[in-house]
Amino acid sequence: MVAVGKALAISPGARVGIAAPAGVVDPHCIESGEDALRGLGFEPVRRPGLLDRFGYLAGTDERRAGELMSLIEDSEIAAVVCARGGYGSGRILDKLDPDVFRRARKPLVGYSDITALLLWQQRVAGLMGIHGPMLEKPAGFSAQAGKALFQALTGEGPLGRLTGQPVAPGRAEGRLTGGSLTLVTASLGTTWEVDTRGAILMLEEVSETPYRIDRQLQQLKSAGKLELLAGVGLGEMWKCHDDRYPERDVTAVLKEVLLPLEVPVVSGLPFGHGGENLCWSVGALAAIDGDRGELEMLESAVAAQ
């Protein structure tokens, strides 16, 4: 995997733009999220149209792409945090200018459907991003998630360590990539196709049955995306069960596919749709320890101004 550039660290008091590149936004969640950003010492900024609705999308493709580009181009906006996932990020990628992203070097934060945008930024614009909390929860951020987000955006404090449960032994270093399993699989054959060579592949998912998770893992395997991995870090597989086939739960499916790879695997890392959603940096160097059940960040996604 080729190293990518870092975004520029932001300072306390910086203006943080809120983008809705995917699904319809809940206004109450946005207000809670804005309060959470203010609580971290930042000034949230939203463009008119953030609450637009076009079916299941937060407005037309042109509106959503234009909003994101305007935030990236605005010199007074230091970083961009996405409002929510859902669906729709992949529809606007061909409307974004990677050169503008590359020159602006702004931290971009999101997860779920925003995986498409983070992988695009990594592969096409050559920039690291931040897989982390958005503004889609009524209660805003937890204290721990907020602290991790502050550190990820400013570069202040320790790089961080995520703790889960050991699955497969060993220790390895590699650059982090991945996100939502569904979006990682959807990247195959695109300009933003996930690059897993020498990488630690991070995966999480929500409301997918074990057989669907199995299907997506088999597709990644058939595409050669599991061959040259350094390791695998699994976040929450939230609500990923099927009462019809309880004997084939998601844990069994994951082990069946991942254990033969003979690389370190850690599960239960605190990121994803369920409880805590702590930050990790897409494209940054990290170390995974399958004996201790830990993922240690070795590099920040941001650099000093």
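Filter segment 6-34 for residues that are surrounded by fewer than 15 Cβ atoms within 10 Å (Cβ to Cβ) and either in contact (Cβ under 8 Å) with a residue 40 or more places away in the chain or not in a loop (DSSP other than H, G, I, E, B) (or both) and give the result. Outline the logic, then answer.
Taking segment 6-34 and keeping what is surrounded by fewer than 15 Cβ atoms within 10 Å (Cβ to Cβ), we get 11-13, 27-28, 31.
11, 12, 27, 28, 31 - these are the residues of segment 6-34 that are surrounded by fewer than 15 Cβ atoms within 10 Å (Cβ to Cβ) and either in contact (Cβ under 8 Å) with a residue 40 or more places away in the chain or not in a loop (DSSP other than H, G, I, E, B) (or both).
The single condition among (1) buried (at least 20 other Cβ atoms within 10 Å of the Cβ); (2) of a type in the set (D, E, K, R); (3) under 17 Å from residue 204 (Cβ atoms) that residue 137 does not satisfy is (1). For segment 40-71, residues that are loosely packed, with under 15 Cβ neighbours inside 10 Å, over 22 Å from the mean Cα position of the chain (by Cα) and assigned to a helix (DSSP H, G or I) total 1. Taken together, the residues in segment 169-220 that are under 22 Å from residue 4 (Cβ atoms), touching a strand residue (DSSP E or B) at 6+ places or on another chain (Cβ under 8 Å) and not hydrophobic (A, V, I, L, M, F, W, C) amount to 11.
Taking the criterion of being closer than 22 Å to residue 124 by Cβ and in contact with a Ser or Thr (Cβ under 7 Å, 6 or more places away or on another chain), the residues of segment 7-28 that qualify are 21, 22. Of all the residues in segment 72-115, those that are of a type in the set (Phe, Trp, Tyr), crowded, with 19+ Cβ neighbours inside 10 Å and either over 24 Å from residue 146 (Cα atoms) or without any contact (Cβ under 8 Å) to a residue 40 or more places away in the chain (or both) number 1.
Only one of these is of a type outside the set (S, T, N, Q), assigned by TED's automatic domain parsing to the domain that holds residue 275 and out of contact with any Cys (no Cβ under 7 Å at 6 or more places or on another chain): 98, 133, 169. Name it. The unique qualifying residue is 169. Look at (1) closer than 19 Å to residue 90 by Cβ; (2) modelled with pLDDT of 95 or more and you find that residue 207 fails only one, number (2).
Can you tell me how many residues within segment 245-296 are at positive phi and modelled with pLDDT under 95? Steps first, answer last, please.
To start, the set of residues in segment 245-296 that are at positive phi comprises 262, 268, 272, 283, 293.
Right, trim to modelled with pLDDT under 95 and you get none.
Within segment 245-296, residues that are at positive phi and modelled with pLDDT under 95 number 0.
The values are calculated or read from the model by the stated rules, or taken from the named source; none is laboratory data. Model, not experiment: these values are computed from the prediction. With ideal geometry, Cβ positions are generated from the backbone for all residues, glycine too; neighbour counts draw on all protein chains shown.
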